[in-house]
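Here is the structure we will look at, set down as structure tokens.
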Amino acid sequence: MMRRKLVAGNWKMNGNRAALAELNGIAAAASANPAVDVAVAVPFTLIERAAERVPGLAIGAQDVHDADKGAHTGCTSAAQVREAGAVFTIVGHSERRGDQHETSHDAWAKSAAAHRNGLTVILCCGETEAERDAGRAERVVQAQVEKSLPDDADGSWLTLAYEPRWAIGTGRTPTMDEIASIHAIARAKMRQMIGDRADGVRILYGGSVTGDNAAAILSLDNVDGALVGGASLTATKFVPIITAAAAL
Ligand code: 13P
């Protein structure tokens, strides 16, 4: 099955109003390469301005709460980010699993909240370095998918992202075989859970993706795009990843 490539940026806790100027170059590259979907998850504080500035670009959040509203000081709901102009959210990012002790069950509940509020979802999974060294990477990813993928998931609203935690922001990446193998395992696990609908779900790779390694990574089987941190912060670094995806 043909799945459109998705190149998604994650600005994490970076960026201010001045940084929004980068979105102009990114939006221009997105419209020049219509065969590729392009998205950027900005900090909550920038969602509204970003969505107004580049209406043609998919702007998203990096997290949402699993409740629609209520007494949850410091948290933000899916409905709130939707109203601000977000069309998608990341959930279960490894930095939230690590820093905020989020579990796969949390990621499951957040995915459901995002979906019922009209957002599409990039659901993250990925092993730590210790887990990989112990030979457990495959089992960890299978278990994360098992516990976080909603029963009604399909490619119209959900994308999976495999981000090995040790490859994030480190300049290190798994070998091409290792990436292809985890993506195949994630696809098989989804197929076990949601049947043929799994074939429509894109699986992104994330972790030190750059303009230099994007073409090789994006041409692997079952790699349907990239989730990009550091290299999404400027148009100069992000656009080559978009054009690499478009050239495949
Ligand atoms: P880097 O591209 O900076 O390694 O970050 C990847 C990531 O965590 C995207 O969500």
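The values are calculated or read from the model by the stated rules, or taken from the named source; none is laboratory data. Being a predicted model, the structure only gives us computed values, none of them experimental. Cβ atoms come from the backbone with ideal geometry, glycine included; neighbour counts cover every protein chain shown. Remember, those area values only see protein heavy atoms, side chains included, never the ligands or the DNA or RNA. Shrake-Rupley method; radii C 1.70, N 1.55, O 1.52, S 1.80 Å.
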- With criteria (1) on the phi < 0 side of the Ramachandran plot; (2) within 16 Å of the ligand (Cβ to nearest atom); (3) open to solvent by 10 Å² or more (accessible area, probe 1.4 Å), G25 comes up short on (2)
- Message: Going residue by residue through segment 194-204, is there one that turns out to be within 16 Å of the ligand (Cβ to nearest atom), within 12 Å of T159 (Cα to Cα) and crowded, with 21+ Cβ neighbours inside 10 Å?
- Response: yes
- Restricting attention to segment 171-193, and to residues there that are polar (S, T, N, Q) and over 18 Å from the mean Cα position of the chain (by Cα), which single residue is surrounded by the fewest Cβ atoms within 10 Å (Cβ to Cβ)? T175
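Scan segment 38-52 and tell me whether some residue there is hydrophobic (A, V, I, L, M, F, W, C), open to solvent by less than 10 Å² (accessible area, probe 1.4 Å), farther than 19 Å from N117 by Cβ and touching a strand residue (DSSP E or B) at 6+ places or on another chain (Cβ under 9 Å).
yes
Residue-by-condition table, conditions (1) within 16 Å of the ligand (Cβ to nearest atom); (2) of a type in the set (D, E); (3) touching a strand residue (DSSP E or B) at 6+ places or on another chain (Cβ under 7 Å):
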| site | (1), (2), (3) |
| --- | --- |
| R139 | no, no, no |
| A143 | no, no, no |
| K147 | no, no, no |
| S156 | no, no, no |
| E163 | yes, yes, yes |
| T170 | yes, no, no |
| T175 | no, no, no |
- Message: Take the conditions modelled with pLDDT of 95 or more and in contact with an Asp or Glu (Cβ under 6 Å, 6 or more places away or on another chain) and apply them to A143. Does it pass?
- Response: no
